[in-house]
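Nothing in this text is a laboratory measurement; each read-out follows from the coordinates by a stated rule. Quantities reported herein were computed from a predicted structural model and do not represent experimental measurements. Because the Cβ atoms are built from the backbone with ideal geometry, glycine has one as well, and the counts that use them run over all protein chains shown.
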């Protein structure tokens, strides 16, 4: 019997959180080995476990996978969350990349020098309100279905709903004029696997606080 | 060595894919390479003015207000990786099963990261650009190329994955050529990559693409940066 996937990352969201969400939504149990110090990271590198010397790394099905997208693609395919054919997949990929672009801006905000933070935050608000949320609201409106692609749950819905939680953390009022997105968020959040993941005590990670940020910067040697 | 070519369904004249982007590399070049390597002819519309961009926006073609844009098989696709992934699947360049696909994804994504660093450097002030490009060469030599040299050494095959030409091979060749433009001797410690470069460059569709006058774009210069800034109002 195949063992559980093993995730290698620091104890925080970063680039691993979307992988945690997708596995959880697919109902797949996973284990985590946290990188606590830069020495831990060095050890993984010296073991030859990290193809491009970077994490995330996920041990799954006898492989040590790196590159967030490659990992997500594999999980989505394996657990049938990637559409029925290459055309559905193309739409899913397009939406996922959009989610990823906005997600990246939000994720990098804590690393921003204090003097630039307000500007960056304003950019995030602007892009959220004028570029990304309207695009997804329009997709849902155009077909009137419950999910973004192919009238069934796919990774695109999981990634988008995860993002909507982060948008709410930035400013809850940003979601106000997007009723279909609010409904999608509710719908996906109530799926048994996702509901479980959203409960306290799950492997879902909280926003980065000062202490965790400092620790992460030490691990990755970011100045 | 067989080259890959598309075979349109009988009785159906496949329309050529239509690409829309600035006249330059940046995010569209990998798409050019993939189509060319697959032997697929394509058409291009070059974005030169703000007005063209605003028209595309108004027509609802740009999901997130961004290019590259590719019209293919009745779809209007944006987002570089979505486009690349679709093309790779359509032209049988994504491996024969999920395990091969994930390896191709890992390798392709790694090389794409490297090439994006080069593309982004074009938009930085001169001193930062110099530093960034030097870093790219260093990363290529110490982080990326050794990995691919080892992969080729371990299996001794002609291609990176599954002994078959794939998207990963196209991306790697593209990355090698781009880094060589920054530092001509970058492959000096990588004999298998040198052989790989020669071998893949000699495949008929790629050889054709590498000839002058083809749809391959030159490295970004000051004029390119100016056009992009103007059109996107950066």
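Note on region B:14-144: Cα-only Rg and Dmax are 16.4, 47 Å.
Dividing the summed helix terms, -39500 (n - 2.57) for each DSSP H run of n ≥ 4, by the number of residues in chain A produces a 222 nm estimate of -17000 deg cm²/dmol to the nearest 500.
Does region B:116-193 come out rounded, prolate or oblate, given a ≥ b ≥ c as the square roots of the eigenvalues of its C-alpha gyration tensor, rounded meaning a/c under 1.5 and, failing that, prolate meaning a/b above b/c? Note, shape of region B:116-193 comes out prolate.
Please report Rg over Rh for region B:145-234, where both radii come from the alpha carbon positions and Rh follows the Kirkwood definition. A ratio of 1.07.
Note on residue A:63 and residue B:185: their simple-model spin labels are 3.8 nm apart, each label 7 Å out from Cα toward Cβ. In whole angstrom, how far apart do the alpha carbon centroids of region B:48-81 and region A:89-137 sit? Centre-to-centre distance over Cα atoms comes out at 19 Å.
Find the centroid of the Cα atoms in region B:179-213 and in region A:5-48, then give the distance between the two in whole Å. Result: 36 Å between the Cα centres.
Could you tell me whether region A:116-223 comes out rounded, prolate or oblate from its Cα gyration tensor? Rule is a ≥ b ≥ c as square roots of the eigenvalues, rounded for a/c under 1.5, then prolate if a/b exceeds b/c, otherwise oblate. Here region A:116-223 falls in the oblate category. Remark: A:96, B:164, B:49, B:80 ranked as B:49, B:164, B:80, A:96, counting other beta-carbon atoms within 10 Å and listing the fewest first. By the count of other C-beta atoms within 10 Å, a proxy for reagent exposure, B:19, A:111 are ordered fewest to most as A:111, B:19. Rg and Dmax of the protein assembly as shown, based on Cα coordinates, read 21.9, 65 Å.
Judged by the gyration tensor of its Cα atoms, with axes a ≥ b ≥ c, chain B is oblate; a/c meets the 1.5 cut and b/c is at least as large as a/b. For residue A:173 and residue A:112, a Förster radius of 30 Å and the Cβ-Cβ distance give a FRET efficiency of 0.85, rounded to the nearest 0.05. Length gained on full extension, residue B:192 to residue B:98, computed as 0.36 nm times the residue gap minus the Cα-Cα distance: 31.2 nm.
Whole number please: convex hull volume per residue, Cα atoms of region B:89-148, in Å³.
That works out to 80 Å³ per residue.
Averaging Cα coordinates gives a centre for region B:101-153 and one for region A:202-218; these two points are 28 Å apart.
Label separation (residue A:28 vs residue B:44): 3.9 nm, computed from points 7 Å beyond Cα along the C-beta direction. When A:105, B:203 are arranged by Cβ crowding within 10 Å, least crowded first, meaning fewest neighbours, the order is A:105, B:203. Normalised by residue count, region A:1-147 yields a Cα convex hull volume of 136 Å³ per residue.
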